[in-house]
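Okay, so here's the structure we're looking at.
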Amino acid sequence: MLIGNKRRIIYGGDYFPEQWPEETWQEDIRLMKQAHVNMVSLGIFSWALLQPDEDTFTFDWLDRIMDMLAANDIDVCLGTATAAQPNWLSRKYADILFVRENGQRVAYGSRQSYCVNSPNYRKAIHRLAEEMATHYKGHSALALWHINNEYANKNSMCFCENCEKAFQKWLREKYGTIENLNESWGTVFWSEIYRSWEEINTPQVSAGGRNGTKLLDYKRFLSESFLSLYQEEYNVIRAITPDVPVTTNFEADWGKFDHYKFRDYLDVASLNFYPDPGNPAAYKWSALRHSMIRSLLQKPFILMEQAASQVDWYPVNAIKPPDLMRLWSYQALAHGSDSVMFFQWRASKQGAEKYHSAMVPHYGEKSRVFREICALGEELAKLTDIAGSNVEAEVAILLDNDSWWSVDSPYGFGLKSLDNELFWMSNAQPFPSVLVSYFAELEYYYEAFHALNIPVDVIAVDYDFSKYKVVVAPLLHMVKPGFKQAVEEFVHRGGIFITTYFSGVIDENIAVFQKGYLGPLKEVLGVKVEEFNPLLPGASNVMNIGGKIEGFAATYGCTIWCDVAHATTAKTLATFAQGFYAGSPCLTENHFGEGKAYYIATRPDPEFMRDFVGYLAATRGIEAHELPQGVELVTRLRDNRKFHFYLNHAKEKRHVTLPHGRFLDLLSGENREGALTLDRYGVSILTEV
Ligand code: GAL
């Protein structure tokens, strides 16, 4: 990455020297050099030390370590320290602490306990950012700013008075008149009509199902609040140090706010990755998240945190056995990361995270983990050419936060339950089936492409998707103004568009489209939907292809849901075999201009997904690779040079047949032709010679 004008893979992690006596800092620097560390993140949770009271700022200790790092050629990604406010601040301004849905204000004593809309918190972070930026402007170690830490991790939903007032203001700006709001929210239902802005409360838990539009607007409002909170610091820092790039590290799961909205305010996107080493399919989970963060700015990203071995917050925290940390680091690089960074450099002796692994474990430098850290650092130091290269995808999956929040509970994800009481608590608004999950559907489609090693960008629904060959919008429940035209133009010019069941059902205000679901997508798809049938747990139907697509099986199973649809201009490629709607279409294809639009009325079994994605790739000239189970291939490109990452996620050796040509393996230095053997958790990076 070209941060600090150096082409290199960034290697390092969160560093908390304030937890250690200064003698340890000397040892840290020695070990960092040994491990080839070239960047550390400093200051992230150090607000209480930097500002011991309202009128005092002290940077002495931070100056000393910044200078030591500069003298040793180690760059600093400087945290603005705002994710954990000091005790004195929370005591002085009680409104800083956020309020849970049940009305309880959280107590001081952890991090991310602040309310996103607290004016006192905002004033304080503005001032701290200003002091820090002024103090460190021009410091030779300062390479990157790191604002806050994992926005919304714990405090994604607040229901305090400040949020209520800010919500009322936000609504007034959005709707202009209270009549407009009542109409858009459909408040005539259950006698909810509001007569003034002041009457509108936050949508806390009530007696039963709540107004979905109000819930969604509250979620949108809080989502925008996190962006404006970020901008509070970003604008100050930008103005004082215009040449230093700025980022904030996101969590890997994106449901809490709309991450794509940060797009114009990030110089580089960065993500924290903690896949579960106890899950053999964890690499699929990671691949999707890597693709999401890469797609945000459509350029290389920073892997800001991962664990050297185990974390401390899964119910049972599996260790990363030898070579797994290395493999997952290369997986991040393969998907477009220009860094390998960890939480954290030295394992804490005290505090909430003392059982979390680190680059330097409690055991010290003679440990297995530190040996692996050093070995990886040595390898990465030789891979400078890869930095700045990117993954190029011909397929895009569209992610729509509004559809996500309308299908899954906006108040927490994965809370859906078949238990009736839990269902009502976690589903703030009724929905036809708890088995349906927006994000799970998106994941399912991503995995079908990933299984054939086809690179996929995961972009926001309002990004420009005209350059892709295939665009998939799984469960696009909400269709907003502008989308119909964008998708029709895309297909008209030759693109392939695919969408699924329960799509095109509601508009941006959650009002249901009349005269057939699929709403504004009816023309491009050539289908309309009359009713829907959520299948009971364990129930299934059958997709009957009956020879209509060459190379496909005669039938495939399907689960979760069946839309009862009528084809208008579309050709029916498969029909349901069971139920009173047997014979109605479950897979259709509509020729529209130069392109085609497909509609899938159900959740097909994986066998169908494999054949369908294979068919799309073959007919649209998209490169697909069927590799032995557990082997992943991702290619990065820069200046016409390709870097093929072969990653073996299996616990056994794998043999891979290579495409025609001669390759150099950048890791082993050996030439390869014809075939490749990958050890358990083995990696090869091949480039054509
Ligand atoms: C992240 C966080 C880090 C650390 C890490 C532990 O969510 O940003 O500060 O707590 O988790 O896994």
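The values are calculated or read from the model by the stated rules, or taken from the named source; none is laboratory data. Please read these numbers as outputs of a predicted model, since none were measured by experiment. Methodologically, a virtual Cβ is constructed for each residue, glycine included, from the backbone with ideal geometry; neighbour enumeration extends over all protein chains shown.
The residue that is surrounded by the most Cβ atoms within 10 Å (Cβ to Cβ), among those in the range 228-254 that are touching a Phe, Trp or Tyr at 6+ places or on another chain (Cβ under 6 Å) and part of a helix (DSSP H, G or I), is Tyr234. Of the numbered criteria (1) farther than 22 Å from Leu222 by Cβ; (2) modelled with pLDDT of 95 or more; (3) not basic (Lys, Arg), the one Gly109 fails is (2). Of all the residues in the range 114-140, those that are crowded, with 16+ Cβ neighbours inside 10 Å, under 23 Å from Phe221 (Cα atoms) and either at pLDDT below 95 or more than 16 Å from the ligand (Cβ to nearest atom) (or both) number 9. Restrict the check to the range 178-192 and report whether at least one residue is buried (at least 19 other Cβ atoms within 10 Å of the Cβ) and not in a helix (DSSP H, G or I). No; the residues of the range 178-192 include none that is buried (at least 19 other Cβ atoms within 10 Å of the Cβ) and not in a helix (DSSP H, G or I). Within the range 512-521, the set of residues being buried (at least 22 other Cβ atoms within 10 Å of the Cβ) and closer than 15 Å to Asn590 by Cβ comprises Leu518, Leu521.
Just wondering, is there one or more residues in the range 98-110 that are over 23 Å from Ala143 (Cα atoms), out of contact with any helix residue (DSSP H, G or I) (no Cβ under 7 Å at 6 or more places or on another chain) and within 16 Å of the ligand (Cβ to nearest atom)? So far as the range 98-110 goes, yes, one or more of its residues are over 23 Å from Ala143 (Cα atoms), out of contact with any helix residue (DSSP H, G or I) (no Cβ under 7 Å at 6 or more places or on another chain) and within 16 Å of the ligand (Cβ to nearest atom).
Restricting attention to the range 333-383 and to residues that are in contact (Cβ under 8 Å) with a residue 12 or more places away in the chain and on the phi > 0 side of the Ramachandran plot, the residue that is farthest from the ligand (Cβ to nearest atom) turns out to be Gly336. Of all residues in the range 55-108, those being crowded, with 20+ Cβ neighbours inside 10 Å, more than 23 Å from Gln344 (Cβ to Cβ) and touching a Ser or Thr at 6+ places or on another chain (Cβ under 8 Å) number 4. For the condition away from the ligand (no atom under 16 Å from the Cβ), free of Cβ contacts under 8 Å to residues at least 60 places away in the same chain, more than 23 Å from His649 (Cβ to Cβ) and small (Gly, Ala, Ser), Gly388 does not qualify. For Ala393, the stated conditions hold: it is under 21 Å from the mean Cα position of the chain (by Cα), surrounded by 15 or more Cβ atoms within 10 Å (Cβ to Cβ) and modelled with pLDDT of 90 or more. Among the strands (runs of 3 or more DSSP E) confined to the range 571-689, the ones with at least 2 residues that are within 30 Å of Asp276 (Cβ to Cβ) are located at 602-604, 631-638, 641-648, 654-665, 671-678, 683-688. In the range 153-167, the residues that are closer than 12 Å to Phe226 by Cα reach residues that are within 16 Å of the ligand (Cβ to nearest atom) and charged (D, E, K, R) with C-beta atoms within less than 7 angstrom, at least six apart or across chains, in these pairs: Asn153/Glu251; Ser156/Lys256. In the range 255-309, the qualifying residues are those that are surrounded by 19 or more Cβ atoms within 10 Å (Cβ to Cβ) and polar (S, T, N, Q), and the one that is nearest to the ligand (Cβ to nearest atom) is Asn272. Within the range 17-64, the residues that satisfy the criterion of being within 16 Å of the ligand (Cβ to nearest atom) and either farther than 22 Å from Thr80 by Cβ or in contact with a Leu (Cβ under 8 Å, 6 or more places away or on another chain) (or both) are Pro17, Glu18, Val40, Ser41, Leu42, Gly43, Ser46, Trp47.
Has the range 141-148 got at least one residue that is more than 28 Å from the chain's Cα centre (by Cα) and over 30 Å from Ala252 (Cβ atoms)?
No.
Considered as a group, the residues in the range 504-537 that are assigned to a loop (DSSP other than H, G, I, E, B) and free of Cβ contacts under 8 Å to residues at least 60 places away in the same chain include one that is farthest from the chain's Cα centre (by Cα), and that residue is Lys515. Taking the stated definitions as given, is Ala143 closer than 18 Å to Tyr15 by Cβ, away from the ligand (no atom under 16 Å from the Cβ) and not in a loop (DSSP other than H, G, I, E, B)? It is true that Ala143 is closer than 18 Å to Tyr15 by Cβ, away from the ligand (no atom under 16 Å from the Cβ) and not in a loop (DSSP other than H, G, I, E, B). Of all residues in the range 380-390, those that are closer than 29 Å to Tyr446 by Cβ and either more than 23 Å from the chain's Cα centre (by Cα) or among the β-branched types (Val, Ile, Thr) (or both) total 4.
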